Amino acid sequence: MDVGFALGDFKATTSDFVGSLYGSNFYKQFTYPMSKVDQFYMMEDNPHSKFGLVKNWADSTDKTPGTMVYEDKESKEFYPYHDDFTYFGGDTFMESILHKASDNPNKENSMIQGAFELKDNLEYWRMTHKLATNYTQPVFVIKMHNSTEVLRIEHLIEIPKYSEEKKDKYYTTSKLKVIALRGTSRKGKLMYTRHETKPFSLSKLVGKTMTYTFQFWTDFKRKYFNVQKKKIMDMFVHFRDNQENEFDVKAFSDVWTNKNNYTMYNSHTMENFGVEPPLYNHKLVTLFVSQGSHQYEKDFANDS
């Protein structure tokens, strides 16, 4: 760190010491206030046909591409696919890995921005379905290595029963729900914060399409750097989206600084495999992921 001591003499014009002082670091590398883009995906320019991979445009050290996966309906496990012969039904996602180095202080905080196009398949749905239906489909999910969900954005969509008498009122109603993990209580219970939007209808929007965008980021409280006699909430978790979901809550830092990798799932509906389309239609537009040090907000030249 750069230091300058007090004047040694009343008439002195310089301090007793000016320069850089280096001490014990406790890390493999020096901790600078910095942030670095790890992942940047643009689905429109990245067809999944080549081995089911989606190019990561960021110049990252992990070189991790996105992988197209589907969720098995029975086991709830995710399996990769790249064509209709390797796809066996279930909801489709773009999977990416958020790498956490075992001793890298510049990957303590996470900053994530995403954009999705949300539609409904109402015209097709009306031809084959007449009963009232509702779905809850994840738009974006982050899981820890032990499958514990730390962030989840859900799309809740429903449709009433169809009848000729009320066909002018036949349209979908949706909500977006955000669930973020704050930590684990002393009794071992997971503690979540939950927020949801007001109801809206995709059927009534211009182009019957909504472009949903969100931002998520973390930063430490001062208490994080103090000696802790007991476990305390030493981190802030922030979230914003363009549907008036907004929160800044306290959390336990071990939720977001775990040294094992995190897995992210981005909902992306595929229609070209000869399966019946669901009521919803999700398209990933972009996903932008950065990681930063404990003081990354002081990095005036950051690229996040």
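Here ASN261 passes the criteria (1) modelled with pLDDT of 85 or more; (2) touching a His at 6+ places or on another chain (Cβ under 8 Å); (3) buried (at least 16 other Cβ atoms within 10 Å of the Cβ) except the one numbered (3). The condition (being surrounded by 12 or more Cβ atoms within 10 Å (Cβ to Cβ) and in a loop (DSSP other than H, G, I, E, B)) is satisfied by just one residue among TYR162, TYR192: TYR162. Has the stretch 209-223 got at least one residue that is part of a helix (DSSP H, G or I) and within 27 Å of LYS107 (Cα to Cα)? Yes - at least one qualifying residue is present in the stretch 209-223. Taking the listed residues LEU176, LEU122, LEU202, the one that is touching a strand residue (DSSP E or B) at 6+ places or on another chain (Cβ under 8 Å) and either exposed (fewer than 14 other Cβ atoms within 10 Å of the Cβ) or farther than 30 Å from VAL237 by Cα (or both) is LEU122, with no other qualifying. In the set (1) in a loop (DSSP other than H, G, I, E, B); (2) modelled with pLDDT of 80 or more, LYS100 fails one condition alone, (2). Step by step: first the residues of the stretch 205-228, then only those that are under 30 Å from ASP168 (Cβ atoms) and not aliphatic (A, V, I, L, M), then the one that is surrounded by the most Cβ atoms within 10 Å (Cβ to Cβ). Which residue is that? Filtering the stretch 205-228 for residues that are under 30 Å from ASP168 (Cβ atoms) and not aliphatic (A, V, I, L, M), the one surrounded by the most Cβ atoms within 10 Å (Cβ to Cβ) comes out as TYR212.
Scanning the stretch 77-97 for residues that are touching a Gly at 6+ places or on another chain (Cβ under 9 Å) and in a loop (DSSP other than H, G, I, E, B) gives TYR81, HIS82, ASP83, ASP84, THR86.
Condition (residue is of a type in the set (Phe, Trp, Tyr), surrounded by 10 or more Cβ atoms within 10 Å (Cβ to Cβ) and touching a residue at least 24 places away in the same chain (Cβ under 8 Å)) applied to the stretch 231-249: is it met by at least one residue? First the steps, then the outcome.
Kept after step one, since they are of a type in the set (Phe, Trp, Tyr), are these residues of the stretch 231-249: 236, 239, 247.
Still in the running and surrounded by 10 or more Cβ atoms within 10 Å (Cβ to Cβ): 236, 239, 247.
If we keep only those that are touching a residue at least 24 places away in the same chain (Cβ under 8 Å) as well, we get 239, 247.
Looking for residues that are of a type in the set (Phe, Trp, Tyr), surrounded by 10 or more Cβ atoms within 10 Å (Cβ to Cβ) and touching a residue at least 24 places away in the same chain (Cβ under 8 Å), one finds at least one in the stretch 231-249, hence yes.
In the stretch 133-154 there is no residue that is surrounded by 19 or more Cβ atoms within 10 Å (Cβ to Cβ), in contact (Cβ under 8 Å) with a residue 60 or more places away in the chain and over 21 Å from the mean Cα position of the chain (by Cα).
The values are calculated or read from the model by the stated rules, or taken from the named source; none is laboratory data. All values derive from a computational prediction rather than experimental measurement. Here Cβ is always computed from backbone atoms with ideal geometry, including for glycine, and neighbour counts include all displayed protein chains.
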